[in-house]
């Protein structure tokens, strides 16, 4: 069983999940595709990452956790969560899509490296099983 703390939430994944990592904390992300950043057409851009990458055998699941509960501070009234109530909730589908796209690109690259790391082996197995497919 794997427990991961993400966005004020504790996620528990059962024994079926052979690999489960906080992707943006993972060295494979930080030292790989996570290094892609810079300016494009006058604006700062960088790769994005889903919160959790999990494998059950050859099956891949990408998880993005969002906690929309109000932030509570001792002795103060609850403060609405900025993501949910600051108007950014309208951008959420695009944000999740960009994170999923960049994460799959990073996993695809890892699978191609042939490293012996568990995450890399799982990515390679998912790729070979057709779970990570190259666009036609």
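List of remarks:
- Those residues of the range 1-15 which are touching a strand residue (DSSP E or B) at 6+ places or on another chain (Cβ under 7 Å) and either closer than 12 Å to residue 63 by Cα or surrounded by fewer than 11 Cβ atoms within 10 Å (Cβ to Cβ) (or both), in sequence order: 1, 3, 4, 6, 10, 11, 12, 13
- Inter-residue pairs, beta-carbon under 9 Å, first touching a residue at least 40 places away in the same chain (Cβ under 8 Å) and at positive phi and in the range 43-64, second surrounded by fewer than 21 Cβ atoms within 10 Å (Cβ to Cβ) and in a loop (DSSP other than H, G, I, E, B), 6+ apart: 57/16; 57/18; 57/129
- Some residue of the range 1-17 being under 15 Å from residue 108 (Cα atoms) and touching a residue at least 24 places away in the same chain (Cβ under 8 Å): no
- Filter result (without any contact (Cβ under 8 Å) to a residue 40 or more places away in the chain and closer than 24 Å to residue 92 by Cβ) within the range 18-29: 20, 22, 24, 25
- For the range 14-125, the helices (runs of 4 or more DSSP H) that sit wholly inside it and include 1 or more residues that are at pLDDT 80 or above, out of contact with any helix residue (DSSP H, G or I) (no Cβ under 7 Å at 6 or more places or on another chain) and within 21 Å of residue 4 (Cα to Cα) are 27-30, 92-113.
The values are calculated or read from the model by the stated rules, or taken from the named source; none is laboratory data. Because the structure is a prediction, the values reported are computed rather than measured. Heads up, the Cβs are rebuilt from the backbone with ideal geometry, glycines too, and the neighbour counts pull from every protein chain shown.
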